[in-house]
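First the structure, in the form of structure tokens, and then the observations on it.
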Amino acid sequence: MTNTDPLQFTWLDGRTTSLIVDLSGGVPAILYWGPRLSRDTSGATLALLGVREEAQGSPAIEAPVALTPLAGQGFPGRPGIAAHRAGREWATYATIVSVDQVDHRITIDSHDPAAGIALIHRLSLDPAGDVLIGSTEIRNSGIGTLDLAALAAPVIPLPGFVTRLIGFEGRWAGEFQRHAMDRPPGLWMRENRRGRTSHDAFPAMIATQPDTTERQGRAYGFHLGWSGNHRIAVETLPDGRAHVAMEALLLPGEIRLEPGETYRTPDLFASVTDHGLTALSQAFHDHLRARPDHARLRAKPRPVHYNSWEAIYFEHDLATLMDLADHAASVGAERFVLDDGWFMGRRDDTAGLGDWRVDPAIYPDGLDPLIAHATGLGMEFGLWVEPEMVNPDSDLYRAHPGWALATPPAPVMEFRNQLVLDFGRAEVRDHLFAAIDALLRAHDIAYLKWDMNRDLSQPGGIDGRAAANAHVLGLYDVLDRLRAAHPAVEIESCASGGGRADYGMLARTDRVWTSDSNDALDRLTIQWGASHFLPVELLGTHVGPGICHITGRRLSMALRVQTALFGHMGTELDLRELDDAETAELTAGIALHKTHRALIHSGDLVRLGTAEGVIAFAVVAQDRSEALLSYTSMTEQRASLPAPVRLAGLDPVADYQVDLVWPGTLPARSPLVQAWLKGVVVHGDALMHAGIQPPRLHPENGFVLHLTRCT
Ligand code: DGJ
């Protein structure tokens, strides 16, 4: 359907939400986005409900919070576009020329003939889900070069009652830390200039009512599917209106459009609910699970990993690795991942990156003997690579020193002894594609761990222009080509842990390495944060060494297993060092994961409101036939006994048998624990409304209950 004039409002319905775009003012603006509205309310009525009268000392007619707020329209806040042509034509004023709606997708074309700028907004809301996907495209329809400094993905207004913001920040080995604040007056902005998604500024934001909880209250979630520099802006105007804008952050001169050229923002993924933060997360999880590529993850259980990194680091030796493979298979691992250290000259982190050939000094007969050994034990084989990087001490760098990003004459910023290759250049991409493609063709490799261990600190291309944006697009191109050439190979997105865990990467990879910290307590918080936007089966979760290499903290095998159970589970430690009891406990933990992974990897994650120092959550089968509850006491509690934990998401009118499934033993003083051990039957509504009294636990201890609906 194409309309140029009579269409005043256009409407999309999700599963439980509605989006109405107001076209009547000549520029597209979101009139309503929230819980589903009946079509009995017309757009015109809604517009009337929201009419804002002329205020004192204010313009006669306010410029709207348009999908792209326009300086040319006199918008008083941060515009959605910043562009100019040699210093002129900066005040874009693009008005609607056509609107196309095909099923659940709307495309709105707007044009500013004077400035020679066309804007195209694309919005889609799948009726089977509740995630709105939006992008903004700009085309230079004029004469001469158009310099683009910023272009926001569709800008979303926030209702006045949505006054809390939740962001996610962190650092290396401490990603996804949830940080809440009141929405401040004026402009709140967060920028990421690290060139990769970053550990410290996950490109997401949640906006809520002040009293929104995990279970209830309005919550809006926003995520930018982009793996590079980005900007999040939440603006509260003095006139009371507020809005959220997200965009790829463009470096000076990075996007200069010649006539006819276009630039399109990354996709914005957004959702809204009146049922609190858990429901918001579930909408995002459902969305990722509906990705076409997710079907292959569902088609077979996610194999339990063994990863060599924290066991041996760079000390590769075939006999040791075969021994580790034997141990890995015997505790139940199903995929053996050979981490960093296998390629030319890579004895430590100072050399080798770029030379993606097996080093005969360590592997005289290549990788095949190790692969054959691992596959002979019934495991798949996975391999670590870091294709975007080069060590100055490498054949690749010696042959092509000009392939690395740099900003001469500034001295090169050192960062793990490596430089970033300019993936914006076709010859660089072709070379790296060919190198990885050759490895995959030559070997029986089921899995690639695609790592990326430094920021794009000085992202200058050979022509002196900024090349950070092009690097990300080049990376996507190489990944897309590899996926097309090797559709069965799974790929993990790792960037020193969770430094590149975004929907842009997840459109072409199969999991993220959530964090380099295998400290089970820190990991709980990290996984908790990540769960707001990522379902657990996409989060790599490993049982690490008894004393964490990063925090130095000693944590029990029971706790390490419990934390790793709720993700794509793996182990990453020297299994030869475990005593018999630890080996038996790890083996039992992996077996438990296998028993329940179909539920863990497909169920609804329900974060449970808890006391300080406790993390509790459940995974509930979508048909509510079973659930797992995980409860961990992180620190000593203030009260003598912990507060009850109330389940959620169960069938309120069904009975559930409650069984303790982890750890093997708990201090059994409490009669309730005795009952769990025997398998007590409790009604769903009692579990949800009255809750369960956890036993008194020492800090750094937890338990897992399995609930089965009785027929
Ligand atoms: C950083 C990753 O996050 C680690 O898991 C490991 O693969 C190292 N790089 C290897 O250099």
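Things worth noting here:
- Residue within the stretch 312-328 that is closer than 25 Å to A434 by Cβ and out of contact with any strand residue (DSSP E or B) (no Cβ under 7 Å at 6 or more places or on another chain) present: yes
- Scanning the stretch 445-461 for residues that are more than 14 Å from the ligand (Cβ to nearest atom), in contact with a Phe, Trp or Tyr (Cβ under 8 Å, 6 or more places away or on another chain) and closer than 26 Å to R194 by Cβ yields one hit, S457.
- Residue list for the stretch 435-444, filter: surrounded by fewer than 21 Cβ atoms within 10 Å (Cβ to Cβ) and either of a type in the set (A, V, I, L, M, F, W, C) or within 16 Å of the ligand (Cβ to nearest atom) (or both): A435, A438, L439, L440, A442
- Criterion violated by P694 - all others in (1) without any contact (Cβ under 8 Å) to a residue 60 or more places away in the chain; (2) open to solvent by less than 10 Å² (accessible area, probe 1.4 Å) satisfied: (1)
- Going through (1) without any contact (Cβ under 8 Å) to a residue 24 or more places away in the chain; (2) surrounded by fewer than 21 Cβ atoms within 10 Å (Cβ to Cβ); (3) in contact with a strand residue (DSSP E or B) (Cβ under 6 Å, 6 or more places away or on another chain) one by one, E53 falls short only on (3).
- Close pairs (6 angstrom Cβ cut-off, 6 or more residues apart or separate chains): within 22 Å of V428 (Cβ to Cβ) in the stretch 337-359, within 11 Å of the ligand (Cβ to nearest atom) and part of a strand (DSSP E or B) anywhere: D340/W384; L353/M389
- Residue within the stretch 474-490 that is in contact with a strand residue (DSSP E or B) (Cβ under 6 Å, 6 or more places away or on another chain) and either modelled with pLDDT under 95 or within 13 Å of the ligand (Cβ to nearest atom) (or both) present: no
Here's the yes/no breakdown for (1) in contact with an Asp or Glu (Cβ under 9 Å, 6 or more places away or on another chain); (2) farther than 18 Å from I445 by Cβ; (3) not aromatic (F, W, Y):
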position	(1), (2), (3)
R346	yes, no, yes
T350	yes, yes, yes
G354	yes, yes, yes
Y363	no, no, no
L383	yes, no, yes
D395	yes, yes, yes
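- Checking H287 against (1) within 16 Å of the ligand (Cβ to nearest atom); (2) in contact with a Gly (Cβ under 7 Å, 6 or more places away or on another chain), the condition it does not meet: (1)
- Verdict on I61 being over 33 Å from the mean Cα position of the chain (by Cα), loosely packed, with under 12 Cβ neighbours inside 10 Å and either within 22 Å of P238 (Cβ to Cβ) or at pLDDT 95 or above (or both): yes
- Selection count where residues are on the phi > 0 side of the Ramachandran plot and either free of Cβ contacts under 8 Å to residues at least 60 places away in the same chain or of a type outside the set (G, A, S) (or both), scope the stretch 193-216: 0
- Hits in the stretch 370-386 - residues which are surrounded by fewer than 19 Cβ atoms within 10 Å (Cβ to Cβ) and within 16 Å of the ligand (Cβ to nearest atom): none
- Residue in the stretch 309-332 that is most open to solvent (accessible area, probe 1.4 Å), counting only those that are within 16 Å of the ligand (Cβ to nearest atom) and in contact with a Gly (Cβ under 8 Å, 6 or more places away or on another chain): E315
- Criterion applied to R425, R465 was being buried (at least 17 other Cβ atoms within 10 Å of the Cβ) and among the basic types (K, R), and the one residue passing it is R425.
- If only residues of the stretch 554-572 that are closer than 12 Å to V331 by Cβ and away from the ligand (no atom under 16 Å from the Cβ) are counted, the one that is surrounded by the fewest Cβ atoms within 10 Å (Cβ to Cβ) is M557.
- Filtering the stretch 505-537 to residues that are among the aliphatic types (A, V, I, L, M), under 21 Å from F222 (Cα atoms) and more than 16 Å from the ligand (Cβ to nearest atom) leaves L506, A507, L534, V536.
- Flag for A584 being more than 16 Å from the ligand (Cβ to nearest atom), over 21 Å from the mean Cα position of the chain (by Cα) and in contact (Cβ under 8 Å) with a residue 12 or more places away in the chain: no
- Within the stretch 178-192, residues that are modelled with pLDDT of 95 or more have Cβ atoms under 8 Å from residues that are open to solvent by 50 Å² or more (accessible area, probe 1.4 Å) and in a strand (DSSP E or B) in these pairs: H179/E169; A180/R164; M181/R164; D182/R164; R183/R164, counting only partners at least 6 apart in sequence or on another chain.
- Meets criteria (open to solvent by 30 Å² or more (accessible area, probe 1.4 Å) and touching a residue at least 60 places away in the same chain (Cβ under 8 Å)) for A611: no
- Some residue of the stretch 531-542 being open to solvent by 10 Å² or more (accessible area, probe 1.4 Å) and not polar (S, T, N, Q): yes
- Residue match in the stretch 349-363 (condition: modelled with pLDDT of 95 or more, open to solvent by 30 Å² or more (accessible area, probe 1.4 Å), among the acidic types (D, E) and away from the ligand (no atom under 12 Å from the Cβ)): no
- Which numbered condition P69 misses (of (1) free of Cβ contacts under 8 Å to residues at least 40 places away in the same chain; (2) open to solvent by less than 20 Å² (accessible area, probe 1.4 Å)): (1)
- Filtered residue count, the stretch 639-663, keeping only those that are open to solvent by 70 Å² or more (accessible area, probe 1.4 Å), modelled with pLDDT under 95 and within 35 Å of the chain's Cα centre (by Cα): 1
- Residues within the stretch 511-530 that are surrounded by fewer than 22 Cβ atoms within 10 Å (Cβ to Cβ) and farther than 15 Å from A173 by Cβ, tallied: 1
For (1) open to solvent by 40 Å² or more (accessible area, probe 1.4 Å); (2) at pLDDT 95 or above; (3) among the aliphatic types (A, V, I, L, M), each residue gets a yes or a no:
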| position | (1), (2), (3) |
| --- | --- |
| T92 | no, yes, no |
| V99 | no, yes, yes |
| D109 | yes, yes, no |
| H121 | no, yes, no |
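- The set of residues in the stretch 491-504 being in contact (Cβ under 8 Å) with a residue 60 or more places away in the chain and away from the ligand (no atom under 13 Å from the Cβ) consists of D502, Y503, G504.
- Cβ-Cβ under 6 Å pairs, at least 6 apart or on other chains, the stretch 557-571 side in a helix (DSSP H, G or I), far side modelled with pLDDT of 95 or more and among the polar types (S, T, N, Q): A564/T541
The values are calculated or read from the model by the stated rules, or taken from the named source; none is laboratory data. These numbers come from a predicted model, not from an experiment. As a convention, Cβ positions derive from the backbone with ideal geometry for all residues, glycine included, and neighbour counts pool all protein chains shown. Calculation scope for accessible area: heavy atoms of the full protein, side chains included, ligands and nucleic acids excluded. Shrake-Rupley method; radii C 1.70, N 1.55, O 1.52, S 1.80 Å.
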